[in-house]
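The next block holds one structure in the form of structure tokens; read it before the comments.
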Amino acid sequence: MTDQQLVAKAFEMLERSYVPYSCFPVGAALLCADGTVFTGCNVENAAYGSTICAERTAVLKAVSEGHKDDWQAIAIAGRGEDYCWPCGSCRQMLYEFAPDLKVLVARGNGDFVETTLSELMPHGFGPKSLK
Ligand code: THU
């Protein structure tokens with residue numbers, strides 16, 4: 001799967017977002033080594049703190065389906081003018097399983113940039129920190 005195709009899957013997920021409060025849909029697509037893609041969208045809640053982000057939806061789907069050691073890349077898409085950078089909680093959650101993950105961050109006009117989780121989260125706290 002190309003980067004462009006993974007980003008396209010993240011954009012497709014915008015339609016599934018449940019965002020009655022923020023009206024800010026986010027989509028994510030997490031690619032595994034065997035080609036499996038776990039998608040996610042943000043799902044908001046009337047108790048705002050119970051909202052879950054798109055990236056963490058994808059993470060939970062992957063881990064609960066047995067994929068946690070083979071992540072290759074995640075694409076994140078929003079409809080805004082700015083790139084849809086992952087929030088701190090999502091960075092932390094991703095860091096647990098793939099500190100060097102490739103991250104593709106897209107904005108509403110379809111442009112995307114490539115970075116890495118280690119670049120987005122230098123000196124992160126992860127499983128190794130507890131040893
Ligand atoms: N959101 C995500 O889905 N991912 C992020 O990394 C940043 C924020 C969602 C949460 C909420 O539904 C909306 O965007 C506005 O914060």
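Read the figures in this text as sums done on the coordinates, not as results from a lab. Keep in mind the model is a prediction, meaning the values are calculated, not measured. Positions of Cβ are generated from backbone atoms using ideal geometry, with glycine treated the same way; all protein chains shown enter the neighbour counts.
What the Cα convex hull of the chain gives, in volume per residue, is 106 Å³.
Ranked by the mean number of other Cβ atoms within 10 Å of their residues, highest first, the peptides 122-130, 36-44, 93-101 come out as 36-44, 93-101, 122-130. For segment 82-131 and segment 1-28, write down the distance between their C-alpha centroids in whole Å. Measuring centre to centre over Cα atoms gives 17 Å. With a simple spin-label model that places each label point 7 Å from the Cα along the Cα-to-Cβ direction, the separation between Asp111 and Glu15 comes to 2.6 nm. Since only Cys32, Val7, Gly49 are under comparison, the one whose Cα sits farthest along the positive direction of the charge dipole of the chain, derived from C-beta charges on Lys, Arg, Asp and Glu, is Gly49. Taking the number of Cβ atoms within 10 Å of each Cβ as an exposure proxy, the fewest-first ranking of Leu60, Leu14 is Leu60, Leu14.
The residues Cys87, Cys23, when put in order of fewest to most other Cβ atoms within 10 Å, stand as Cys23, Cys87. Extension gain, Asp100 to Ala46, is 16.0 nm, computed as 0.36 nm per intervening residue step minus the present C-alpha separation.
Might you report the magnitude of the Cβ-based charge dipole of the chain about its Cα centre, with Lys and Arg at +1 and Asp and Glu at -1, to the nearest 20 debye? In total the dipole reaches around 320 debye. Only lysine pairs 8 or more places apart or on separate chains count here, and in the chain those with Cα atoms under 25 Å apart total 9. Put a plus charge on the Cβ of each Lys and Arg, a minus charge on the Cβ of each Asp and Glu, and nothing anywhere else: the dipole of segment 1-77 about its Cα centre is then about 180 debye.
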